[in-house]
């Protein structure tokens, strides 16, 4: 089925609610870029590669979110992805359940910004979440059930929140999300504990994650196993994050430590990924900088088979965001890989209508 | 001595601008609720909590649904300036982000008082802003939330 046809069908399906219920509104998110890259030679291109169609509806204690992304992810071919398909139930102000395809409650960035580049200060996610045309190593999407509870610490003293998730977890590759068929029977468990500030600490979020999963082997059929296929692995991910985001100040730091242990030989592959970013808003203009570091202690068969090279990353980027309106932001960012000669300049108009 | 007429005009223009500014500052808005919602008063922080998404339900458990205008609607500018101390652009971006995250229900939109009143009439948890003048003659199923 052609993506264009799929888009029309899915958009119609989402909008059908709009005809029946006047309060259902479709929102559109996306970005238009001009990118210049320099390795040995310089290349430049315009990009209009993402359209995100978002719909939500609330009826009493139940709500629905549907998010469809039409994206040319690193190629010139558009494809359609249902990024979120959630039904939520909120029986009390401090308890919340969700089920469906959702953004994992891992770290800060994933569920703070979802796919809205308009809301982000830099032009895109940190590489540990998503790169230009590939999925990051953080397990940021899955299908399953989510529950979160909040415990208030008193007036203006913030709250503790606990997120618990039971998910299908990883597919056979980073970009494979098992939406219909899980490749193994074990489920991923994700726990996130956070302090969310209030009063004089409003804007502060500090927390950590424990994520446990079994990664399925690349294929169960030995006749089809490619040479670089990975075997089944047990996965443990520990994460920590701290953010202080106010109307003016933008500070976010995250780290995640991964250990993959093969089922057959118990061989470990460890990876450490982290980033820190800082910005300060002067009215509508926010200059910012971000540093990203990823270290692979050993070659990780799962990451390598997913197209992530066994090469450490030291990436420094800096730029400026101009909030042109409540729907459009214009950004200009330059980035350099400190280990290679790769340089990148990107101008972006990100929108949220 | 020759500069006096100019100084007079200058003073007059300043006085007019001052009067306009004073009139604009006095032209306020009030928070209105559906009459089924028993919340009769809120502190300024309480209003901030409602419109920031920090408070998600009314005391009776009804989900809060906002009625908001566009970036340049007078009510939105008043809310952003008088309650939050930020620009309407910043406040709207924050609301959009919370909606996109799934933290708060999608707001209803209305760019004038009549539209806001109609929206507030549509559900028990709906809350919006109307001008002082309109607040004096609200329909029976819409009531004011006094801000302390």
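The values are calculated or read from the model by the stated rules, or taken from the named source; none is laboratory data. All of these numbers come straight from a predicted model, not from anything done at the bench. Neighbour counts are summed over all protein chains in view; Cβ atoms, including those assigned to glycine, are modelled from backbone coordinates with ideal geometry.
So here's what we get for this one:
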quantity	calculated
Index of the failed condition, residue A:45 passing every other in (1) assigned to a strand (DSSP E or B); (2) surrounded by fewer than 18 Cβ atoms within 10 Å (Cβ to Cβ); (3) at pLDDT below 90	(3)
Test: residue in region A:153-168 that is on the phi > 0 side of the Ramachandran plot and within 17 Å of the chain's Cα centre (by Cα)	no
Hits in region A:73-87 (condition: in a strand (DSSP E or B), more than 14 Å from every other protein chain (Cβ to nearest Cβ) and touching a residue at least 24 places away in the same chain (Cβ under 8 Å))	A:79, A:80, A:82
Flag for residue A:288 being assigned to a strand (DSSP E or B) and surrounded by fewer than 20 Cβ atoms within 10 Å (Cβ to Cβ)	no
Checklist (1) in contact (Cβ under 8 Å) with a residue 12 or more places away in the chain; (2) farther than 19 Å from residue A:204 by Cα applied to residue A:130, failing item	(1)
Unmet requirement for residue A:335, which otherwise passes all of (1) part of a strand (DSSP E or B); (2) within 14 Å of chain B (Cβ to nearest Cβ)	(2)
Residue match in region B:99-108 (condition: free of Cβ contacts under 8 Å to residues at least 24 places away in the same chain, more than 16 Å from residue A:119 (Cα to Cα) and more than 8 Å from chain A (Cβ to nearest Cβ))	no
Subset of region A:40-72 (residues that are out of contact with any strand residue (DSSP E or B) (no Cβ under 7 Å at 6 or more places or on another chain) and away from every other protein chain (no Cβ under 11 Å))	A:40, A:41
Subset of region B:69-90 [within 8 Å of chain A (Cβ to nearest Cβ), in contact (Cβ under 8 Å) with a residue 12 or more places away in the chain and within 20 Å of residue B:49 (Cβ to Cβ)]	B:88
Residue A:94, sole failed condition from (1) in contact (Cβ under 8 Å) with a residue 40 or more places away in the chain; (2) crowded, with 17+ Cβ neighbours inside 10 Å; (3) touching a strand residue (DSSP E or B) at 6+ places or on another chain (Cβ under 7 Å)	(2)
Residue in region B:3-14 that is more than 10 Å from chain A (Cβ to nearest Cβ) and modelled with pLDDT of 85 or more present	no
Test: residue B:42 is buried (at least 18 other Cβ atoms within 10 Å of the Cβ) and either closer than 30 Å to residue A:62 by Cβ or modelled with pLDDT under 85 (or both)	yes
